[in-house]
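Below you'll find the structure, written out as structure tokens, and then a few comments.
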Amino acid sequence: MLHIWGIEMKTILETLLIGVSSGSIYSLMALALVLVWRSTRVVNFAQAGQAIISTYIGYESMKHLHSYWYSVLVAIVAGAILGAAVEAFVMRPLAKRVRGSAAADIAPVIATLGILGLIRGVAGLIWGNTFVQYTSPLSGKGYTFGSTTIQFSPQNAAIVIGAALVMAAFAIIFNFTKLGLALRASSFQPEISRLAGIRVDRIRVIGWACAGAAGAVAGALVTPTAYLSPNSLDLLLVSGFVAAVIGGLDSLVGAGIGGVVLGIGFAFILQYIGASVTFLAAFIILIFVLLVKPAGIMGKSGGRSA
Amino acid sequence: MSGLVVRDLQVAYGAVAAIRGVSFEVTPGELVTIIGANGAGKSSLLRALSGLIPVAGGSAMWNELSIFGYKPENLVRAGIVHVAEGKSVIPELTVEENLDLGGIWQKKSAGVDAIKAEVLQLFPRLGERLGQRADTLSGGERQMLAIGRALICKPKLLLLDEPSLGLAPLVIEEIFSAIARLRTSLGLTVLLVEQNALSALAIADRGIIFNLGEVVASGKASELLADPVLRASYLGY
Ligand SMILES: Nc1ncnc2c1ncn2[C@@H]1O[C@H](COP(=O)(O)OP(=O)(O)O)[C@@H](O)[C@H]1O
Ligand SMILES: [Mg+2]
């Protein structure tokens with residue numbers, strides 16, 4: 001075996017791969033949070049709940065479709081519809097009600113916490129507070145090279161590829177389509193966009209739908225590596241939030257990079273320090289980034305980036 | 001009566017009245033300027049007409065239809081296009097994206113490409129900078145971009161809020177002569193609010209003088225320019 005300073009190369013590569021895989025999931029969750037932040041300036045804590053519902057819907061649909069991949073598509077559609085509904089039926093009416101009042105900034109964020117609690121409760125009523133298995137046809141066992149088996153499995157590979165595809169799709173939509181132009185314009189300058197004829201309220205619903213879809217991909221891809229319960233994605237929300245903050249909260253590219261950086265960081269801490277420290281590390285990273293570079297790694301000081 | 005007819009319009013911010021019962025008309029094809037100092041209520045008037053803020057009372061009709069209660073994006077579709085105060089462009093987007101924003105909701109058959117070509121002919125400096133971010137433009141170029149985007153929305157009634165703000169005299173002249181040309185070539189009805197009374201009255205048919213949310217004088221642009229009392233008290237030259 002190849003050793004550098006007494007550390008096995010295989011372990012390093014393995015840790016890196018595992019980090020990229022879990023980081024891809026954080027990136028998707030971060031992307032979901034950034035899409036909502038950009039379109040309505042709300043940190044959407046309900047995203048964990050929305051992803052739970054879409055994942056349960058994927059899980060249920062698999063019983064009928066007998067295909068994991070089709071069930072992922074169902075979950076994505078469900079996630080998009082749910083995201084759109086939360087914005088159109090809860091957040092927008094709420095924003096109109098509190099506009100101009102002292103609670104205008106905080107009420108929507110508290111509402112997302114309320115929705116998270118509500119969704120968890122409803123999921124518990126429907127599916128019970130037990131663990132269920134949402135399985136993928138891909139093996140969860142690590143790849144084997146000759147006599148060595150690594151921790152990185154085909155499902156991990158699917159996670160990385162799936163996340164990359166979602167990121168690429170959003171990059172194309174945002175940068176090369178009319179919808180993308182409307183989404184960017186509405187998030188930067190809603191008033192000017194309205195005066196240019198953009199239906200900003202509708203565009204915001206689409207922004208929330210895109211976020212819901214990204215969160216649904218995260219939930220449906222990660223769940224086969226673990227289990228599904230009404231709060232099985234809560235820690236993912238925390239990681240996604242830290243990743244989004246690392247990336248500057250406003251930047252789609254930043255969300256992607258932030259997630260992978262965090263995933264790799266976690267994987268190495270887990271490997272070389274211990275599981276008990278990882279979430280402590282997440283909050284230390286969060287506070288460190290907020291204190292040292294509040295605009296995130298992609299943010300220019302004071303400015304915002306696309 | 002067609003054109004813009006405003007009757008007894010009132011706008012308030014909480015208990016503070018910004019416009020206290022204002023009435024005036026702009027007939028089709030006319031260029032009317034509203035002159036007033038800072039805080040006179042000029043921006044509030046335009047923001048109420050374009051649907052950005054609610055009104056506290058009164059009415060406004062455009063071609064005999066009431067325009068209050070509609071969202072700005074719907075009024076844009078009806079041809080009422082507002083270029084807001086302060087070089088109303090989106091700094092993070094490129095010049096071309098800023099222009100396209102006014103066209104992406106229109107049908108391809110609406111001839112957006114032809115209008116865009118006309119805009120670039122009117123403001124060639126924009127054409128040279130299509131791929132540049134709007135925040136790299138000079139103040140004058142940003143104002144041209146804001147007006148260009150408004151034209152792509154195919155306005156019938158153009159509401160312009162202080163296009164001269166913060167610009168050098170030569171640039172002001174360039175922009176105001178463009179407004180004057182546009183208005184004849186496109187048959188636009190224009191409501192131009194300004195602090196720069198001289199430049200605005202030079203291209204306007206009529207002028208209305210605002211003070212503290214009320215109309216204090218109105219008349220033909222040439223007559224207002226010649227009135228010594230107005231000159232001393234409101235026009236500031
Ligand atoms: N958003 C606002 N909230 C409270 N008061 C406002 C607001 N906008 C304008 N005002 C007040 O309304 C009055 C008219 O302002 P404005 O319409 O901006 O005038 P102008 O454009 O002629 O400078 C001023 O007294 C101003 O302070
Ligand atoms: Mg003003």
Using every Cα-Cα pair within the range A:38-144, state what percent have a distance larger than 24 Å. 37 percent
Which whole-Hz ³J(HN,Hα) couplings does the range B:166-172 yield from phi under the Karplus relation 6.51 cos²θ - 1.76 cosθ + 1.60, θ = phi - 60°, glycine and proline marked x? x, 9, 6, x, 5, 5, 4
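Given a Förster distance of 35 angstrom, what is the FRET efficiency for A:Ala171 paired with A:Tyr70, based on the Cβ-Cβ distance and rounded to 0.05?
Values: r = 25 Å, r/R0 = 0.72.
The formula returns an efficiency of 0.85 here.
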Express the carbon and sulfur contribution to the solvent-accessible surface of the protein assembly as shown as a percent, rounded to the nearest whole number, probe 1.4 angstrom. 64 percent
Using a 10 Å cut-off on Cβ to Cβ distances, tally the other chain neighbours for every residue of B:94-101 and report the average as a whole number. 4
If I take every Cα pair under 8 Å that is 6 or more residues apart in chain B, average their sequence separation and divide by the length, what percent do I get for the relative contact order? 28 percent
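Which value, in Å to one decimal place, does the Kirkwood hydrodynamic radius take for the range A:140-255 when every pair of different Cα atoms is included?
Hydrodynamic radius (Kirkwood, Cα only) of the range A:140-255 equals 16.5 Å.
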Mind checking the mean number of beta-carbon atoms from other chains within 10 Å of the Cβ atoms in A:184-194? 6
Just name one of B:Asn74, A:Thr225, B:Leu160: the one whose Cα is farthest towards the positive end of the charge dipole of the protein assembly as shown (beta-carbon charges, Lys/Arg +1, Asp/Glu -1). A:Thr225
For A:Thr40, what charge total do you get from the other residues with a beta carbon under 9 Å from its beta carbon, if Lys and Arg give +1 and Asp and Glu give -1? +3
Dipole axis of chain B (+1 Lys, Arg; -1 Asp, Glu on Cβ), positive-most option in B:Gly14, B:Ser199, B:Phe210: B:Gly14
If you take the accessible area of A alone plus B alone and subtract the pair, what total do you get in square angstrom, rounded to 100, with a 1.4 Å probe? 2000 Å²
Magnitude of the Cβ-charge dipole of the protein assembly as shown, K/R +1 and D/E -1, about the Cα centre, nearest 20 debye? 640 debye
Where the centre of each part is set by its Cα atoms, how far does the range B:110-162 sit from the range A:16-56, in angstrom? 38 Å
Can you compute 3J(HN,Hα) from phi for each residue in the range B:86-94, using the Karplus curve 6.51 cos²θ - 1.76 cosθ + 1.60 with θ = phi - 60°, rounded to whole Hz and x for Gly and Pro? x, 6, 6, 10, 9, x, 6, 9, 6
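When the Kirkwood hydrodynamic radius is evaluated over all pairs of different C-alpha atoms of the range B:75-165, what value in angstrom, to one decimal, is obtained?
On the way: mean 1/r = 0.0773 Å⁻¹.
Kirkwood radius, the range B:75-165: 12.9 Å.
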Okay, helix-only estimate at 222 nm for the protein assembly as shown: each DSSP H run of n ≥ 4 adds -39500 (n - 2.57), divide by all residues, round to 500 deg cm²/dmol; what do you get? -17500 deg cm²/dmol
Amide hydrogen neighbours beyond the local backbone of B:Phe210, cut-off 5 Å, H modeled: B:Ile35, B:Gly36, B:Val216
Averaged per residue, what accessible surface does the protein assembly as shown expose to a 1.4 Å probe, in Å²? 43 Å²
In units of 2.2 N^0.38 Å, the Cα radius of gyration of the protein assembly as shown is 1.18
Expected vector for the range A:275-286, Karplus 3J(HN,Hα) from phi with 6.51, -1.76, 1.60 and θ = phi - 60°, integer Hz, x for Gly and Pro, equals 4, 5, 8, 4, 6, 4, 4, 4, 6, 5, 4, 4
Exposed chymotrypsin sites (Phe, Trp or Tyr not before Pro) absent: longest stretch of chain A, with sites in DSSP loops and at most 13 other Cβ within 10 Å deemed exposed: A:6-130
Computed over the range A:2-292, Kirkwood Rh from alpha-carbon pairs, angstrom: 19.6 Å
Could you sort out which of B:Lys71/B:Lys108; A:Lys63/A:Lys141; A:Lys178/B:Lys87; A:Lys178/B:Lys71; A:Lys96/B:Lys71 sit more than 18 Å apart by Cα distance in this structure? B:Lys71/B:Lys108; A:Lys63/A:Lys141; A:Lys178/B:Lys87; A:Lys178/B:Lys71
In percent, what relative contact order does the range A:2-292 have, based on Cα pairs under 8 Å that are 6 or more apart in sequence? 39 percent
Under the rule rounded for a/c under 1.5, else prolate if a/b exceeds b/c, else oblate, using alpha carbon gyration tensor axes a ≥ b ≥ c, the range A:206-306 is classed as oblate
Assigned charges on the beta-carbon of Lys, Arg, Asp, Glu; the range A:2-292 dipole about Cα centre (debye): 800 debye
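The values are calculated or read from the model by the stated rules, or taken from the named source; none is laboratory data. Keep in mind the model is a prediction, meaning the values are calculated, not measured. Every residue, glycine among them, receives a Cβ derived from its backbone with ideal geometry; neighbour counts consider all protein chains shown. Heavy atoms of the whole protein, side chains included, go into the accessibility calculation; ligands, DNA and RNA do not. Shrake-Rupley method; radii C 1.70, N 1.55, O 1.52, S 1.80 Å.
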